[in-house]
Amino acid sequence: MTEKRKRLETTVIHEGYDAKEMLGSLTPPLFQTSTYTFDTAEQGERRFAGEEEGYVYSRLGNPTVNILEERMAALEGGERGLAFASGMAAVSAVLIALTKSGDHILCSSGLYGCTFGLLQMMEEKYQITHDFSQMESKEAIRELIRPETACIYVETPVNPTMKLIDLELVAEVAREYDIPVVVDNTFSSPYLQRPLEAGCDVVLHSATKYIGGHGDVVAGVVVGKKDFLDGVAMTTQKDIGGIMSPMDAWLLIRGLKTLPIRLDRHCHNAAKLFEKLSKHPKIAHVYYPGDEDHPDYPIMQRQMKHGGGLIAFEINGSKQDAQRLLNHLSFIKIAVSLGDAETLIQHPATMTHAVVPPDARKEMGVTDQLIRLSAGLEAWEDIWEDLEQALDRL
Ligand SMILES: *Cc1c(COP(=O)(O)O)cnc(C)c1O
């Protein structure tokens, strides 16, 4: 009997788990085990030879982790999911799997800081070069593709200025050259944006953010074609070893169940804060993809369900004023990361983007007056009142 495909709101709760197979346990059990016993020596031989299905050792697979992987694969519309110890373990396993010495990677501008650091290390140690592009047109992308280009790597929305990259456009160009497109979908989650449906090949997450949603796990997940991820599982994941712990998978399975309702609230709160911030005399500019005047608004409408939960804004004032604003807040927390129940605020120039050289930072729009906010799940009125009283004190 083939089962009808469920809607996303049902998939986040049920996919990849059958209570009947687990003594009726409603909640997926936590298989906190490092290894698995074989009934006989011959069975061990067959498992190692790949002739018999079954678990061998938790770096090669774990039932709790597998539930999360199946669920994430269904949510992104991919064939297989693979879970990692962190978002960076996922990024590095994918990029190392796709490249060899002398290759080239074409990236969207304004990547996550540690991904940028990884690319620099790959260049220094393995002569794997990279270029950045705003990817605003097909010509702009084609211009930077070389015979050695092994993949295109994209983040959208771009942090922290919330510029968007048109994923369908990038995927169309990549197909001309038969190059895979990898998308870091951390800022949107599969509830807001599904890059595989736009024609991209690999999608990855820092599950630390919206997937977990409760600020208690650091983790990563990749979804893509089975052949590709079977290869990653047996090479860069198995031999480098950045696997997810069963406990983290268990927490993520729990967090994921509320992804759609959480995201609805995050997005609603961000939209309300955008309205209020845009009208405030001490705010010079607000960056938010749900802004109808945002140049990328048409891409947002095509590619995302809502504008997301992140906002960046520039205040009229100095770096010290930006820091003072943060210090005046009462319950909004000063912290990097995003996607948690708590509203988090940070100063990119001195925190997430401090490693970027000042010139490059300015080019990215990360000024000393820029502040990034991850809208939490609190009442938006309370978040606004906290921001407003801090702005009033400047
Ligand atoms: C946080 C983040 C990462 C890194 O993930 P970790 O779980 O912290 O290793 C990668 N990409 C983006 C867009 C992120 O926000």
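The values are calculated or read from the model by the stated rules, or taken from the named source; none is laboratory data. What you are looking at is a predicted structure, and each value in this text was computed from that prediction instead of being measured. With ideal geometry, Cβ positions are generated from the backbone for all residues, glycine too; neighbour counts draw on all protein chains shown. In case anyone asks, the SASA skips ligands and DNA or RNA and just uses the protein heavy atoms, side chains included. Shrake-Rupley method; radii C 1.70, N 1.55, O 1.52, S 1.80 Å.
Details
- Residue within the range 30-45 that is closer than 30 Å to Gln193 by Cα and either open to solvent by less than 70 Å² (accessible area, probe 1.4 Å) or at pLDDT 95 or above (or both) present: yes
- The set of residues from the range 362-382 being over 22 Å from the mean Cα position of the chain (by Cα) and among the β-branched types (Val, Ile, Thr) comprises just one member, Thr367.
- Condition met for Thr64 (surrounded by fewer than 23 Cβ atoms within 10 Å (Cβ to Cβ), of a type in the set (Val, Ile, Thr) and touching a helix residue (DSSP H, G or I) at 6+ places or on another chain (Cβ under 8 Å)): no
- The set of residues in the range 328-374 that are of a type in the set (S, T, N, Q), open to solvent by 10 Å² or more (accessible area, probe 1.4 Å) and within 16 Å of the ligand (Cβ to nearest atom) comprises Ser337, Thr352.
- Residue within the range 220-227 that is more than 14 Å from the ligand (Cβ to nearest atom), modelled with pLDDT of 95 or more and assigned to a helix (DSSP H, G or I) present: yes
- Among residues of the range 124-142, those that are under 20 Å from Asp178 (Cβ atoms) and either among the hydrophobic types (A, V, I, L, M, F, W, C) or open to solvent by 100 Å² or more (accessible area, probe 1.4 Å) (or both), counted: 5
- Residues of the range 21-48 satisfying the condition of being within 18 Å of Leu68 (Cβ to Cβ) and assigned to a helix (DSSP H, G or I): Glu21, Met22
- The set of residues in the range 96-121 that are within 16 Å of the ligand (Cβ to nearest atom), not β-branched (Val, Ile, Thr) and not in a loop (DSSP other than H, G, I, E, B) comprises Cys107, Ser108, Gly113, Cys114, Phe116, Gly117, Leu118, Leu119, Gln120, Met121.
- For the range 233-261, the set of residues classified as aliphatic (A, V, I, L, M), open to solvent by 20 Å² or more (accessible area, probe 1.4 Å) and over 19 Å from Leu75 (Cα atoms) consists of Met234, Ile240, Ile243, Met247, listed by residue number.
- Residue match in the range 49-67 (condition: within 16 Å of the ligand (Cβ to nearest atom), within 30 Å of the chain's Cα centre (by Cα) and assigned to a strand (DSSP E or B)): no
- When residues of the range 75-95 are limited to those that are away from the ligand (no atom under 15 Å from the Cβ) and open to solvent by 20 Å² or more (accessible area, probe 1.4 Å), the one nearest to Gly242 (Cα to Cα): Arg80
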